[in-house]
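Novice: Can you read through this structure? Questions will come right after.
The values are calculated or read from the model by the stated rules, or taken from the named source; none is laboratory data. Bear in mind that the values here come from a model prediction, so they are computed numbers and not experimental data. Cβ: placed from backbone, ideal geometry, glycine included. Neighbour counts: every protein chain shown.
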Amino acid sequence: MAQHVDPSSNTDPLLFTPGPLTTSGSVKRAMQRDLGSRDQRFVETVARIRARLLALAGAEGDRFASILVQGAGTFGIESVFASCTPPDGKWLIVANGAYGERMVQMLDRLAVPCAVMRSPEDRPPEAAAVASALDADSRITHLAIVHCETTTGIMNDIGAVGHVARERGRRYFVDAMSSFGAIEIDPDACGIDYLVSSSNKCIEGVPGFSFVIARREALSSTRGWARSLSLDLLASLEQFEKNGQFRFTPPTHAILAFDQALTELVDEGGVAARGARYRQNREVLHRGMTSMGFRAFLDEAVQGPIISTYLLPEDGAFEFGDFYDYLSNRNLVIYPGKLTQAPSFRIGTIGRIAADDIERLLGAIADFLAERGIHLDAGT
């Protein structure tokens, strides 16, 4: 049975996006406090968050550490590249979407050598191909991949790729931006050295910071490598462990909201329960969209529960800007497409939403088609 999740308010739009996303009223209210960044209550909050993140990952504190990084999720990604690449290091980026390509851009700006193994946007990379790429270039020291590539919503097999990296003694970095908190990830079993996610994704906080879960042995070896002052991960960890504080001004209100969001994740039943809600959201969405005649970009076998991509109908009466505005005027916000292959749009199924919210969106989409006289062939 569809269960409605407490919306943020009666007037806020519902965000069917991959983050920022709809948050609970209690998460918003948590930000209505002013705390000094050196205040002991804030220091204790940061320590609690760091411990909770390790617990979510099933990572032992003596072997892994969590580091909060001010800024968008991209800042966390770049902090790994800027801090954890040795002077003679080289990365292999496994890319099948825009966020893998963004990693390449970061390394280019940092003047760090990298090789790129590209796969089609609708196909996960094969571990055997990753193995061949590593075997072909002994200079590669590090490997990076996106778990849920939100360009499409595809899920990449980070376990199989991690096995390849570990077998060959390469450091392994996973962008878990849009999966951590809703999909079980075992950093140790996957051989992950660095994992990055963000406050405004599946944990259902607000934008303001990202976080890195790092294998202590890997991070401790990076001393002297940092190419950035503010994104120096080892220096940040040492500061947290010295006095519990950030080196530079933290987003205090976003951190208070995140602490509340973590409590709500636990209260919901943890990662498994949240993932189940997102999967139900996605199943309701997909069933409704295909019954109206929309075509999904991905095969169901590789589709994740986070965000779904649908191809724009070929009917000339369907114009995305008009479609977007129609939904937005009804307080329903979706995402434009990001494919290189075909015009598309995306609908997220994460955040403080449930199946009845998806049904509301589907009803509005059906109304749009009817009012514009657009007829799609179901199943095409």
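Novice: Kindly indicate which of THR290, THR263, THR252 is of a type in the set (Ser, Thr, Tyr) and in contact with a Ser or Thr (Cβ under 8 Å, 6 or more places away or on another chain). Outline the logic, then answer.
Specialist: Values: THR290 fails: in contact with a Ser or Thr (Cβ under 8 Å, 6 or more places away or on another chain); THR263 fails: in contact with a Ser or Thr (Cβ under 8 Å, 6 or more places away or on another chain).
Going through THR290, THR263, THR252 in turn, the sole match is THR252.
Novice: May I ask you to list the residues in region 341-380 that are under 20 Å from the mean Cα position of the chain (by Cα) and either among the basic types (Lys, Arg) or in a loop (DSSP other than H, G, I, E, B) (or both)?
Specialist: Once the filter is applied, which keeps residues that are under 20 Å from the mean Cα position of the chain (by Cα) and either among the basic types (Lys, Arg) or in a loop (DSSP other than H, G, I, E, B) (or both), region 341-380 yields ARG346, THR349, ILE350, GLY351, ARG352, ILE353, ALA354.
Novice: Where the second residue is surrounded by 16 or more Cβ atoms within 10 Å (Cβ to Cβ) and at pLDDT 95 or above and the first is over 17 Å from PHE320 (Cβ atoms) and lies in region 356-368, which pairs have Cβ atoms under 6 Å and are six or more apart or on separate chains?
Specialist: Within 6 Å, the pairs are ASP357/LEU14; ILE358/ASN281; ILE358/VAL284; ILE358/LEU285; LEU362/GLY288.
Novice: Which condition breaks for PRO18 when tested against (1) assigned by TED's automatic domain parsing to the domain that holds ASP137; (2) at pLDDT below 95; (3) crowded, with 22+ Cβ neighbours inside 10 Å?
Specialist: Status for PRO18: all satisfied but (1).
Novice: Related question: Give the residue, chosen from GLY100, GLY89, GLY159, that is touching a residue at least 40 places away in the same chain (Cβ under 8 Å) and part of a helix (DSSP H, G or I).
Specialist: Details: GLY89 fails: part of a helix (DSSP H, G or I); GLY159 fails: touching a residue at least 40 places away in the same chain (Cβ under 8 Å).
Sole residue among the options that is touching a residue at least 40 places away in the same chain (Cβ under 8 Å) and part of a helix (DSSP H, G or I): GLY100.
Novice: So the check is Cβ under 6 Å with 6+ separation or different chains; which pairs have a first residue in region 175-204 that's more than 22 Å from LEU219 (Cβ to Cβ) and a second one that's small (Gly, Ala, Ser) and at pLDDT below 95?
Specialist: Final answer for the pair search is ASN200/GLY19; LYS201/GLY19.
Novice: Here's another thing I want to ask about it. Give me a count of the residues in region 45-81 that are within 16 Å of the chain's Cα centre (by Cα) and under 22 Å from ASP186 (Cβ atoms).
Specialist: Here the count works out to 8.
Novice: Would you tally the residues in region 321-359 being touching a Leu at 6+ places or on another chain (Cβ under 7 Å), surrounded by fewer than 17 Cβ atoms within 10 Å (Cβ to Cβ) and at pLDDT 95 or above?
Specialist: The qualifying residues number 1.
Novice: Can you tell me which residue in region 292-319 is surrounded by the fewest Cβ atoms within 10 Å (Cβ to Cβ), limited to those that are among the charged types (D, E, K, R) and in contact (Cβ under 8 Å) with a residue 40 or more places away in the chain?
Specialist: Of all residues in region 292-319, those among the charged types (D, E, K, R) come to 295, 299-300, 314-315, 319.
Add one more test, that the residue is in contact (Cβ under 8 Å) with a residue 40 or more places away in the chain, and what stays is 295, 299, 315.
On the way: ARG295: 18, ASP299: 10, ASP315: 14.
Here the answer is ASP299.
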